[in-house]
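I have placed the structure first, in the form of structure tokens, so that the comments after it can refer back to it.
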Amino acid sequence: MDNLEWKTRVDLAAAFRLVDLYGWSDMLATHLSARIPGPSDHFLINPMGVLFEEMTASDLIKLDIDGNILSDTSRSVNPAGYTIHSAIHIGRKDAGCVMHTHTSAGLGVATQKDGLLPLTQMALAVIANTGYHDYEGPAFDLEERERLISDLQNLNILILRNHGLLTVGKTVAEAFMWMYRAERACRFQLSFQKAGAEAQQISKSVQEVSIERARKAISSTGHRPIGDFEWPALIRKLHRQNPGFDQ
């Protein structure tokens, strides 16, 4: 195993534990994946039977695009996880990492007809990067992969209607931070809706300004490139609170 694969394994295992730490895990359900750098189109995904909070770099299973398990393991992978994640890795060559969650906030918004609403600064920070994919039942049908890619296009966030959230990043750090931002925007929307108060609407012109400023801030030339500052801090947090992911 080369150094690039091992680093990818460590980052992805860290992401699993952080997903659990932030309360986004769903016992053994849902999945995260990461493309192994190189020409072979291999990617890593979680095995069945391992909790997110206990995931290690060595636990992760290597697959090829056709779903063949390349790791020396007795464990299997979730077929729905393979369908969804292989779709993104096939259709988006820039997708270094794909994350999928079933959270109360994510599903709370994914089940609403109008989806994520432009009501908060946090929503506007992600809304221009968000697409929607209609629910087709558990993702066991490989034909759904084309529709997933068509709906994702070049975006970083996909709201899977009646199902959950999905994010994409060039790196594990990027995908995690897109999920953090999407999850937070959904949580704030539900918090407002629970209050039952009349919304203070944001004008179209201010929405456009906010979206453009957010896009610039998290770009590679902005003051806060997405994931660059957050990820090292999150790794430090994980070493303090749940070490051992890098085994």
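Points worth noting:
- Local electrostatic count, PHE245, Cβ distance below 15 Å [Lys/Arg +1, Asp/Glu -1]: 0
- A Cβ-based charge dipole, computed about the Cα centre of region 86-223 with Lys and Arg at +1 and Asp and Glu at -1, lands at about 500 debye.
- Full-stretch length increase - ASP134, SER40 - with 0.36 nm per residue and alpha-carbon distance subtracted: 30.7 nm
- Protein accessible area in the chain, 1.4 Å probe - carbon and sulfur %: 51 percent
- With all protein chains kept in place, the per residue accessible area of region 75-150 amounts to 43 square angstrom at a probe of 1.4 angstrom.
- A simple spin-label model places the labels of VAL50 and GLN247 1.2 nm from each other, with each point 7 Å out along Cα-to-Cβ.
- For region 231-241, Karplus couplings with θ = phi - 60° (6.51, -1.76, 1.60), whole Hz, Gly/Pro x: 4, x, 5, 5, 5, 4, 4, 5, 4, 6, 9
- Difference of contour (0.36 nm per residue) and Cα-Cα distance, ASP141 to ASP2: 46.7 nm
- Three-way shape label, region 144-247, alpha-carbon gyration tensor, a/c 1.5: rounded
- The aspartates and glutamates within cross-link reach of LYS113, meaning a Cα-to-Cα straight distance under 13 Å and a gap of 8 or more places when in the same chain, are ASP134.
- Lys/Arg +1, Asp/Glu -1 at C-beta; region 100-229 dipole; positive extreme among THR171, SER191, GLY108: SER191
- Rounded to the nearest Hz, the phi-derived 3J(HN,Hα) couplings of region 106-120 under the Karplus curve 6.51 cos²θ - 1.76 cosθ + 1.60 (θ = phi - 60°) are x, 6, x, 8, 4, 8, 7, 4, 8, x, 6, 9, x, 9, 9, where x marks glycine and proline.
- Under 5 Å between amide hydrogens, built in the peptide plane, is the criterion, and for HIS31 it picks out HIS100 among residues at least 5 positions away or on other chains.
- Evaluated over the Cα positions of region 200-247, the convex hull gives a direction-averaged projected area, one quarter of its surface, of 5.5 nm².
- Probe 1.4 Å, all protein chains present, accessible-area order of ASP2, ASP26, ASP11, ASP66, largest first: ASP66, ASP2, ASP26, ASP11
- Computed with a 1.4 Å probe on the full set of protein chains, the accessible area for TYR22 sits at about 80 Å².
The values are calculated or read from the model by the stated rules, or taken from the named source; none is laboratory data. Quick caveat: nothing in here was measured; it's all calculated off a predicted structure. Positions of Cβ are generated from backbone atoms using ideal geometry, with glycine treated the same way; all protein chains shown enter the neighbour counts. Accessible surface areas use protein heavy atoms only, side chains included; no ligands, DNA or RNA. Shrake-Rupley method; radii C 1.70, N 1.55, O 1.52, S 1.80 Å.
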